[in-house]
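All remarks here apply to the structure that follows.
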Amino acid sequence: MSEPIFRSDVTVELVRAAAQDSDVLFAARVSTQGEQSLEGADHEAGARDKGLINYLMRDRHGSPFEHNSMTFYVQAPIFVFREFMRHRIASYNEESGRYRELRPVFYVPNEDRNLVQIGKTGHYEFIPGTPEQYELVDREVRQSCTQAYESYQRMLEAGVAREVARTVLPVTIYSSMYVTMNARALMNFLSLRTMREGTHFPSFPQREIEMVAEKMEQFWVDLMPMTAEAFNANGRVAP
Ligand SMILES: Cc1cc2nc3c(=O)[nH]c(=O)nc-3n(C[C@H](O)[C@H](O)[C@H](O)COP(=O)(O)OP(=O)(O)OC[C@H]3O[C@@H](n4cnc5c(N)ncnc54)[C@H](O)[C@@H]3O)c2cc1C
């Protein structure tokens, strides 16, 4: 049996993108310029366009932020994918536990991950654990994942179908997927799955999906810096 691999991080790669600030502009300008807006379709956004993007964001004119596309490749534990896929305004393709043997790669929280929850429902804060708690979490996760994967392998070796044998695998096992989103859907995702100072509507996401969201946001900021700036300046509310 291959040895289990334990990770405490997530992978996000930008696979392809057709997304830039100027995509917002021509879409918005058809409203007042009709066919003349076509002339601006290839023009790069400049400083004078900042005001229009900010206005659209502030007044929540959302549809001009939809004329773009970003495809990300993500590796994360299945419990993250379960939360991620609640975001319906996106397209997904995920590896299959029916069509391939799942690899023994598991998530284990490391010491960067706060362990103890305090506060009331919906408004939790998380603080670091004691060294004993970190040791316990690490040991229990490793033991239970190793045992589960050994059961999985024994069933596969006995001829049991992958879709049945996977019954024993925990949600901490990694999966992989492609997700394609436009900037409007991404802003909705970021507003809910990141926790930042100065947001109009603070959210309290699970840390592991926030790790994915932070990496996605970094790619997006590079692609659409003016849009990202307006998003932040207006309290990270999805338009
Ligand atoms: C901190 C946190 C805790 C959560 N806890 C739970 C929980 O305990 N249980 C649980 O079940 N879920 C939970 N969720 C998931 C949450 O309820 C949403 O399903 C998820 O955040 C996706 O958001 P969304 O619907 O805005 O995204 P998307 O599905 O991407 O939708 C984007 C936007 O499109 C519009 N839209 C999409 N579909 C419809 C529709 N059918 N009708 C009308 N408008 C639509 C809405 O304006 C929506 O905001 C939690 C989410 C967060 C961030």
>> Given the condition farther than 25 Å from F231 by Cα, modelled with pLDDT of 95 or more, more than 16 Å from the ligand (Cβ to nearest atom) and in contact with a Pro (Cβ under 6 Å, 6 or more places away or on another chain), answer yes or no: does some residue in region 8-25 qualify?
In response: no
>> Tally up the residues in region 16-43 that are part of a loop (DSSP other than H, G, I, E, B) and under 27 Å from A90 (Cβ atoms), please.
In response: 3
> Somewhere in region 148-165, is a residue in a helix (DSSP H, G or I), within 26 Å of the chain's Cα centre (by Cα) and under 29 Å from N114 (Cα atoms)?
Replying inline: no
> Taking the condition touching a helix residue (DSSP H, G or I) at 6+ places or on another chain (Cβ under 9 Å), within 16 Å of the ligand (Cβ to nearest atom) and not charged (D, E, K, R), does M195 pass?
Replying inline: yes
>> Considering only residues that are surrounded by 13 or more Cβ atoms within 10 Å (Cβ to Cβ), of a type in the set (A, V, I, L, M, F, W, C) and away from the ligand (no atom under 16 Å from the Cβ), which ones fall in region 85-130?
In response: L102, V105, F106, V108, L115
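Here is a yes/no grid of residues against (1) of a type in the set (G, A, S); (2) surrounded by fewer than 20 Cβ atoms within 10 Å (Cβ to Cβ); (3) touching a strand residue (DSSP E or B) at 6+ places or on another chain (Cβ under 6 Å):
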residue: A183; (1), (2), (3): yes, no, no
residue: R193; (1), (2), (3): no, no, no
residue: R207; (1), (2), (3): no, yes, no
residue: V221; (1), (2), (3): no, yes, no
residue: T227; (1), (2), (3): no, no, no
> If you go through region 182-197 one residue at a time, do you hit one that is modelled with pLDDT of 95 or more, hydrophobic (A, V, I, L, M, F, W, C) and not in a helix (DSSP H, G or I)?
Replying inline: no
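The values are calculated or read from the model by the stated rules, or taken from the named source; none is laboratory data. These numbers were taken from a predicted model, which means no experiment stands behind them. For neighbour counting, all protein chains shown are included, and Cβ atoms are generated from backbone atoms with ideal geometry for every residue, glycine included.
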